[in-house]
Structures are given as structure tokens and as C-alpha cells.
Amino acid sequence: MTTTVGLAATDDIEFGVRLLAATPTHEGRDRELLRHWATVATEFGARLAPAPSRARVVERDGGLEHGLLARYTSRPATVELYTDTVARAEALVDENGWRHWYPAGSVRAAALAHEAVHEQLHHGTAKAALKEALGHVVLRLGRRRLYGHVAGAEEIAAHAHARTACGLGRSPLLLTAALATAGAHHTTAPHAHGREK
Ligand SMILES: [Zn+2]
């Protein structure tokens, strides 16, 4: 498992940088800026107070086929959890000897904690707070600053929150990268989790 050994040696912030670099709108952006945003989003997610989820959890199959682990949809508030991908991720934890980082059952728990962040950012004021923390100023009007959206930052924050909330030794980003490596036909966009539709 040379490839996943290499993955484990990559730190969590670097995974965040890679996620941003692979996200449209960030092509050609300075690597240091991406690293700054990845760091800010990680700290934001780790510090974010958990909010109770109102979403219904629906367990589904067919996640591996579509490269999905879990997905939050807002109307109605629903978390789709792809049980085949969860099982594959749990198996990868064992295959790679990562159980001390991801205790049994933590993939499901982390997925739910992750999606709860999307839910919280969708409904609450945390989204504006994340934007302000990232400090991507797109317009200045006198003393007023307008902060732009940083694509991918919410995703990094959700992973960081899941790591803290579930007491994981490493970010679920490592596991996401391992899933993408294991599914060799997925050569781009190593996101085992779906965006909100
Ligand atoms: Zn997500």
C-alpha cells in the first residue's frame, strides 16, 4: 500500500490545500494564499460549536458508484448516508492500520458531524463568520468590506469539525483521499462526499 503510506505522511492542512487547488475559481492562485485559507477554515471548523441537526438521515446504497459518502440537502433537511461507501471507508481504515485514528464506527459519526456543519452553515450566521475569518475581500466601500466566497472552505471546515467532534486522530480528509485512491477510476476531484444540490 505504497500510495496510502504516502497519503498518511501528508498533513491535514496540505489535504485542505489540495482540495482548494482542485476547486474551480482557485486555478492559478498563490499556494501560500490557499494554505492560509485552508488553515483558517480548519481552525474555524475545529472551534465551531455543534448545533443540533434537524435533518432526517436516510441510508442509501450506490455511493461508491457515484463517489459519494454522504450528502446534505436542504429541502427538506435530509442527510443521505451511503452505507456502501461507509463500509468501504471502515475497511480501508483496517487495511491501512489507521484504527487508532479512526475508531470503529467513526466514519458514520464523522459523516453525520460533517453534514451537520453544512446544515448549520446553510441556515445560521456561521457562514458569514467563516467568510469574515477567511478575509477574502472582494470590494471595499469606504470603511466597509465585502467578503467573497472561498469555494471549498466550507468543506475543509466541515472535515475539521468532524475530526474534533468525533475525537479523531486525523482529519477525515485523509480517509477521503484514501477512498479516491482506492477507486482508481476516479482520477479527478477526490471528494467522496457530495455537494449540496
Ligand atoms: Zn461536505
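Taken together, the values in this text are just the output of simple stated rules run on the coordinates, not laboratory data. As the structure is a computational prediction, the values presented were derived from the model and not from experiment. For neighbour counting, all protein chains shown are included, and Cβ atoms are generated from backbone atoms with ideal geometry for every residue, glycine included.
Some observations on this one:
- Alpha-carbon centroid distance for the pair region 94-114 / region 40-64, whole angstrom: 14 Å
- Exposed GluC sites (Glu not before Pro) absent - longest run of the chain, DSSP non-H/G/I/E/B, at most 15 other C-beta within 10 Å: 28-195
- Kirkwood Rh in Å, taken over the chain so that all alpha-carbon pairs contribute: 17.1 Å
- Using C-alpha pairs below 8 Å separated by at least 6 residues, the relative contact order for the chain is 31 percent.
- The angle between the Cα long axis of helix 106-123 and the main principal axis of the chain comes to about 20°, on a 0 to 90 degree scale.
- Panel order for 26, 149, by other beta carbons found within 10 Å of each beta carbon, from fewest to most: 149, 26.
- Note on region 91-181: along the principal axes its Cα atoms extend 56, 25, 18 Å, ordered by decreasing extent.
- Cut-off 10 Å between beta-carbons: net charge of the residues surrounding residue 42, Lys and Arg +1, Asp and Glu -1: 0
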